[in-house]
1. Which whole-number percentage describes the relative contact order of the chain, with Cα contacts under 8 Å and a sequence gap of 6 or more?
2. Pop the C-beta distance of ALA47 and SER112 into the FRET formula with R0 = 25 Å and round what comes out to the nearest 0.05.
3. Using the Cα centre of the chain as the reference point, and only Cβ charges (+1 on K/R, -1 on D/E), how large is the resulting charge dipole? Debye, rounded to the nearest 20.
4. By how many degrees, between 0 and 90 and to the nearest 10, does the Cα long axis of helix 10-35 differ from the longest principal axis of the chain?
5. Which label belongs to the value computed from this structure, given these candidates for log10 I(q)/I(0) by the Debye sum over Cα atoms at q = 0.15, 0.18, 0.19 Å⁻¹: (1) -0.77, -0.99, -1.06; (2) -0.67, -1.00, -1.12; (3) -0.68, -0.90, -0.98?
6. Once the dipole of the chain is set up with Lys and Arg at +1 and Asp and Glu at -1 on Cβ about the Cα centre, which of THR114, SER44, GLY59 lies farthest towards its positive end?
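Nothing in this text is a laboratory measurement; each read-out follows from the coordinates by a stated rule. Given the structure is predicted, the values throughout are model-derived calculations rather than measurements. Positions of Cβ are backbone-derived with ideal geometry, glycine not excepted, and every protein chain shown enters the neighbour counts.
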Amino acid sequence: MRLSSPPPNWKGLLVATLGFLTVWLLWPLLWVLLSFGTLHAQESDAAALLRAAPRAFLGGLIRVSGPPHRLDGRYLMRSQDELDRRLREAGWTFDDQMGAARFYQHGGKKLSTTCRQFTRHFSVCEARAEG
């Protein structure tokens, strides 16, 4: 009489694999829901910020609203450094900072930015050009 080996535990492996794949595939959605759970109550244009979140997470700085081909507008970003770098590349120089407001100048024009952090990973900045 030959002893047979116990049947492999394929059901447990299948359940574990499907569970892993479900979490892995749904992670971006889960991340957005956890990061922006209270966004709708905080922001007036929550849908635009929510759409921009994955691109900002990967790219660092995303324009959410404002006139095209101008720096005025609203930005979603991971850090203030991204906005500073983008402004430096456009020829703006840092002038002053008062609290959360930063001021830049380029020729005779002035630009003010006001940023606030609303999640652990993201900040929203408003940029306004003057003159």
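1. Numbers: 157 pairs, mean separation 21.9, N = 131.
In percent, rounded to a whole number, it is 17.
2. Details: r = 26 Å, r/R0 = 1.05.
Step by step, r from the Cβ atoms, then E = 0.45.
3. I would put it at about 460 debye.
4. With both axes taken from Cα atoms, the answer is about 10 degrees.
5. Label of the calculated value: (1).
6. Checked the options; the winner is GLY59.
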